[in-house]
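The values are calculated or read from the model by the stated rules, or taken from the named source; none is laboratory data. What you see is a predicted model; the values in this text were computed from it and never measured. Cβ coordinates were reconstructed from backbone atoms using ideal geometry, including for glycine residues, and neighbour counts include every protein chain displayed. Ligands, DNA and RNA are excluded from the accessible area calculation, which covers all protein heavy atoms including side chains. Shrake-Rupley method; radii C 1.70, N 1.55, O 1.52, S 1.80 Å.
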Amino acid sequence: MSKPVVATASLAGCFGCHMSLLDIDDRILQLIDLVEFNKSPDDDIKTFTKQCDIGIIEGGCCNSENVHVLKEFRKNCKILISLGECAIMGGLPAMRNGIPVKDCLEEAYLKGPTVDENKKKIIPNDEELPMILDRVYANHEIVKIDYFLPGCPPRADLIWDALVALVTGKPLNPAYETLKFD
Amino acid sequence: MGRKITIEPVTRVEGHGKVTIQLDDAGNVTQSRLHIVEFRGFEKFVQGRPYWEAPVLVQRLCGICPVSHHLAAAKALDVIVGAGTGDGLTPVGEKMRRLMHYAQMFQSHALHFFHLASPDLLFGFDGDPATRNVIGVALLHKELAVQGVMMRKFGQELILATAGKKIHGTGAIPGGINKNLSIAERDKFLKGPDPLNADKMVEWAQGALDFFKGFHAKNKDYIDNFAVFPSAHLSLVRKDGAMDLYHGVIRCVDADGKKIINDVDYQNYYKIIGEEVKNWSYMKFPYIRKLGMDKGWYTVGPLARLNTCDFIPTPLAQKEFEIYKAYTKGKPNHMSMHMHYARLIELLHSAEVIRDLLNDKDLQKDNLVTKGKKKKEGVGLVEAPRGTLFHHYRINDLDQIEMGNLIVSTTNNNIPMNNAVNYVAKANFTGQKEITEGMMNKVEMAIRAYDPCLSCATHALGQMPLEVSLVDSDGNLLDQKRK
């Protein structure tokens, strides 16, 4: 039987959830036996090369590119997991929700103590830059999400238990001390 | 008809980036740019928050080196709560933070070398992308992969013991720390079962460094000649010129090694350093004000730190430092791939510092916090794994943050990274009609040598697939390749 295929992405997150996945430590060698990785920032595979069984998404959507990647994942993965606070609720980046994007840009590029010589008042706007959304969106506001793993970041043991449960078809009974919301 | 080549996203660097290379009619590279495409707006939304939230809040810009942000913010707030500028903490406060910081340096450098850089060294940049990753390393060089995993684990466990969590901890608070290290916790790291103890970590760090030196001896052409260009280098150094990753004064040397910022107190960093804004990247472009926007750029990170410091204050790393310096006859090192060499010397240094600190009885003391006369404004700098990190806060009468400014390590390296991309583009893309896997990966490798945490540089985080587009000067798509 072929191994289940897993893909991961980090959208508007901090990569802490991916780092937490690495914190399963030596179990990563077992993980390689258990699943096949398709698309992930930790390897060099940059587009989907086949349909995946499990897609793991860190971070929510703060720009048009995040939305595009998320939709690609939905199209190519049977099961999508929102991993961590930002994916589930927008997290820290969503602290800008309720503040006009213009104010955020002006603070960063015109007002700070080290940008005083930006005499032409340049704010990045090149066509190569994806469009910033009006606010940060949780992933389930954009596409259907099947599972949610909380934490900032979710503990490595929780990610491990959830993956093993999914792959082996057994119920997930997370230990109390692994299920945290910070 | 000119052509434009786009490479996105750059994988195996932590963050979002995209490269465009513009060719003219003759096929010459006229322009190459590394775009940072994420924007968070931290500077605005931190306003109005109580100042003591900053160390736990701001670190969530980056889950790769959250400890650096945690500590830089705490150091800025030390100034605000009247606990001095890096020297006013109690011995246990200062040393617990140092332990946390060097643990992070250790795990981050181990992660970078084993997970992110070793695939290129082991499989070459023309290697099959399906195996050119940490999983490939695990399958083909299992012993090396296990070492990498266990070194990271040791560092992460030490961060857990000092900060309370492996990622996004809470250990540092304004004026000090919230816990000391118990004897039981200490012994876990000093006398832990093989391999998880401090002695083994020093041994393995030396082993990783020897592995690289062996590789270098056999691949001098590749390591010494890839993306070499002169640059100024900036970092913190201890007041006596020693390498110090937690605290110091700002020193910058030019391409020949002459000091252009001579051991200056960092509370006034904004008078020394400015940031240029360009419309094609969310990442700003820092410069030394007195040299201007065009000439004032500099590099930070492991290579820079070994170029600025006079010596390393631990014996094994100092011995390696002397060998390393002799290779360039004491002159500043400008070879991009020597960033890996420098990083591994720092890995060894960090392991030595951790071992020394664990043996220090100050860690078990109880006076955790210093308080003094409150101030309105504070600046905190640390040498993060990827280079100098600046945090700056001003508060109002209600203890709310009124202004927050960051210059993160990777932002400092914005111009050097663009220069590296430009160098590789000119060397590999000139006159080319086809874009090969190897060419694309060379561009990424040049960026990856800087170990950019692009996410936190845009006060963001993320990943990237690779897409190359050829566009003529009228904007018509001529060809497109994906991998």
**Request:** Specify the angular offset, from 0 to 90 degrees and rounded to the nearest 10, of the alpha carbon long axis of helix B:437-448 from the longest principal axis of the alpha carbons in chain B.
**Result:** 30 degrees
**Message:** Just to compare against my own numbers: the Cα pair-distance distribution for segment B:211-314, 5 Å bins, whole % per bin, please.
**Reply:** 2, 12, 18, 19, 18, 14, 9, 6, 2, 0
**Message:** I need the peptides B:406-414, B:111-119 ranked by packing, meaning the mean over residues of other C-beta atoms within 10 angstrom, with the highest value on top.
**Reply:** B:406-414, B:111-119
**Fill in**
Ordered by number, the trypsin sites (Lys or Arg not before Pro) in segment B:195-243 that occupy a DSSP loop and have at most 12 other Cβ atoms within 10 Å are B:K239
**Asked** Over the alpha carbons of the protein assembly as shown, what is the largest minus smallest coordinate on each principal axis, giving the biggest first in Å?
**Response** 65, 62, 56
**Fill in**
To the nearest 10 degrees, the tilt of helix B:414-429 (Cα long axis) against the first principal axis of the alpha carbons of chain B is 30 degrees
**Message:** Rounded to the nearest 20 debye, what is the charge dipole size of segment B:57-98 about its Cα centre when +1 sits on each Lys and Arg Cβ and -1 on each Asp and Glu Cβ?
**Reply:** 160 debye
**Fill in**
On the accessible surface of chain A, probed at 1.4 Å with all protein chains in place, carbon and sulfur together account for a percent value of 56 percent
**Complete:** Interface buried area A-B, accessible surface with 1.4 Å probe, both sides summed, nearest 100 Å², comes to 6100 Å²
**Message:** Compute accessible area for segment B:277-300 by itself and then with all protein chains, 1.4 Å probe, and report residues whose area falls by 40 Å² or more.
**Reply:** B:V277, B:N279, B:Y282, B:K284, B:R289
**Prompt:** Anyone know which of A:A138, A:A108, A:A94 comes out most mobile in the 10 Å Cα GNM of chain A?
**Reply:** A:A108
**Message:** If I compute solvent accessible area with a 1.4 Å probe over the protein chains, what percent of it on segment B:366-447 is carbon and sulfur?
**Reply:** 48 percent
**Translational diffusion coefficient (Stokes-Einstein; Kirkwood radius from C-alpha pairs) of segment B:50-207 at 37 °C, 0.692 mPa s, in µm²/s** = 195 µm²/s
**Prompt:** With every protein chain left in place, what is the accessible area per residue of the protein assembly as shown in square angstrom, probe 1.4 Å?
**Reply:** 35 Å²
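In segment B:43-180, carbon and sulfur make up what percent of the accessible area (probe 1.4 Å)?
57 percent
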**Complete:** Quick calc, B:E402 & B:K271: beta-carbon distance into FRET formula, R0 25 Å, rounding 0.05, result 0.80
**Complete:** Counting other chain Cβ atoms within 10 Å of each Cβ in A:96-109 and taking the mean gives 5
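Across peptide A:58-68, what mean number of C-beta atoms from other chains lies inside 10 Å of a residue's C-beta? Intermediate results must be reported in sequence, preceding the final value.
Values: counts 4, 6, 0, 0, 6, 6, 1, 8, 4, 0, 0.
What the average comes to for A:58-68 is 3.
Working from the alpha-carbon coordinates of segment A:1-159, get Rg over Rh, Rh being the Kirkwood radius.
A ratio of 1.04.
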**Asked** Which pairs break 18 Å Cα to Cα here: B:K259/B:K284; B:K258/B:K290; A:K71/A:K102; A:K121/B:K278?
**Response** B:K259/B:K284; A:K71/A:K102
**Message:** Can you list residues from other chains, or at least 5 along the same chain, whose modelled amide H is less than 5 Å from the amide H of B:L23?
**Reply:** B:R3, B:K4, B:I5, B:T30
**Prompt:** Under a 5 Å amide H to amide H cut-off, with H placed in plane at 1.01 Å, what residues pair with A:D116 once short-range neighbours are removed?
**Reply:** B:E275
**Request:** Step through the residues of segment B:357-372 one at a time and calculate ³J(HN,Hα) from phi using the Karplus curve (6.51 cos²θ - 1.76 cosθ + 1.60, θ = phi - 60°), rounding each to whole Hz and writing x for Gly and Pro.
**Result:** 5, 4, 7, 8, 6, 4, 5, 9, 6, 10, 7, 7, 10, 10, 10, x
**Asked** In the protein assembly as shown, what percentage of the DSSP-assigned beta bridges are antiparallel, given to the nearest 5?
**Response** 75 percent
**Request:** List the residues of segment B:153-170 that lose 20 Å² or more of accessible area once all protein chains are present, compared with their chain alone (1.4 Å probe, heavy atoms only, no ligands or nucleic acids).
**Result:** B:K153, B:K165, B:K166, B:I167, B:H168
**Prompt:** Based on the alpha-carbon gyration tensor of segment B:231-390 and its eigenvalue square roots a ≥ b ≥ c, which shape applies: rounded if a/c is under 1.5, prolate if not and a/b is larger than b/c, or oblate?
**Reply:** oblate
**Asked** Got a sec to turn the phi values of segment B:318-324 into Karplus ³J(HN,Hα) couplings, 6.51 cos²θ - 1.76 cosθ + 1.60 with θ = phi - 60°, whole Hz, x for Gly and Pro?
**Response** 4, 4, 5, 4, 5, 5, 4
**Asked** When the scattering of chain B is computed by the Debye formula from its Cα atoms alone, each counted once and equally, what is log10 I(q)/I(0) at q = 0.08, 0.11 Å⁻¹?
**Response** -0.46, -0.88
**Simple Cβ-charge dipole of chain A, Lys/Arg +1 and Asp/Glu -1, about Cα centre, in debye nearest 20** = 580 debye
**Item:** Whichever lysines have a C-alpha closer than 26 Å to that of B:K371, once near sequence neighbours (fewer than 8 apart) are set aside
**Value:** B:K75, B:K95, B:K165, B:K179, B:K239, B:K361
**Message:** Residues of segment B:43-62 losing 50 Å² or more of accessible surface, assembly versus chain alone, probe 1.4 Å, please list them.
**Reply:** B:K44, B:F45, B:R60
**Message:** Tell me the angle of helix B:142-163 to the major Cα principal axis of chain B, expressed in degrees between 0 and 90 and rounded to the nearest ten.
**Reply:** 40 degrees
**Asked** Once the whole set of protein chains is in place, how much accessible area is left on A:F148, using a 1.4 Å probe, in Å² to the nearest 10?
**Response** 90 Å²
